[in-house]
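Structure record follows, encoded as structure tokens.
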Amino acid sequence: MSATADDRPAGPSHATRSILLGRISGVFGVRGEVKIESWTDPREAIFRYQPWTLVRGGVSSSLAGVRGRNHGLALVASVPGIDDRDRAQELVGSEISVPRSALPPPKPGEYYWVDLEGLGVQTVDGTSLGTVSHLFDTGANPVLVVQGERERLIPFVAPHLVSVDFDASRIVVDWDPDF
């Protein structure tokens, strides 16, 4: 179940792949600060991964030097060059992404969900179930959404998860193909 440095994704396709980390959800105050919705854990880690690529309405721009802080239930950020509420409002709705190479390598036994997407899924006896479309979290555990002849939802935890092999582009699960 654990990955080694040798079987983690590498190469240009993974290094340059864009990873969505959050979005600008609103403005804060009158000095040009913005509210950030972060999907990192912990949520303030989003400020460690820069430069950001902001995408809004099909238009992208690069942004570096963003600083932020927790403010109650929100993250508030200061954006270089934005110093009034009207200019900050123009950023609302922008998605925040970074290249996959900006993220630190996962610890053994941990995986970035984006690295699992597209891997084939098969049972311990070799029956192909399809490929990983995406994952979601139930609160109790992550769940693989596997697209094949039909969609399957497979808990991404032991004992169901047997192995992840990036070299073979495969996840092996202990799962009844009829379920």
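The values are calculated or read from the model by the stated rules, or taken from the named source; none is laboratory data. Because the structure is predicted, anything quoted here is derived from the model rather than measured. No Cβ is skipped: glycine too gets one built from the backbone with ideal geometry, and neighbour counts run over all protein chains shown.
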Legend entry - Residue list for the range 77-95, filter: crowded, with 17+ Cβ neighbours inside 10 Å and without any contact (Cβ under 8 Å) to a residue 60 or more places away in the chain: Ala77, Ser78, Val79, Ile82
Inset, instruction - Could you identify the single residue in Ser97, Ser78 that is closer than 25 Å to Asp115 by Cβ and either of a type outside the set (A, V, I, L, M) or in the same structural domain as Gly139 (by TED's automatic domain parsing) (or both)? - result: Ser97
Inset, instruction - Report, by residue number, each residue of the range 25-42 that is modelled with pLDDT of 95 or more and closer than 24 Å to Trp113 by Cβ. - result: Ser25, Ile36, Glu37, Ser38
Inset, instruction - Give the number of residues within the range 117-172 that are farther than 21 Å from Arg100 by Cα, in a loop (DSSP other than H, G, I, E, B) and not acidic (Asp, Glu). - result: 14
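So for the range 40-47 (the condition being over 15 Å from the mean Cα position of the chain (by Cα) and either farther than 16 Å from Leu21 by Cβ or surrounded by 13 or more Cβ atoms within 10 Å (Cβ to Cβ) (or both)), does at least one residue qualify?
As a first pass, look at the range 40-47 and keep what is over 15 Å from the mean Cα position of the chain (by Cα): none.
Checked against the condition, which is being over 15 Å from the mean Cα position of the chain (by Cα) and either farther than 16 Å from Leu21 by Cβ or surrounded by 13 or more Cβ atoms within 10 Å (Cβ to Cβ) (or both), the range 40-47 yields no hits at all.
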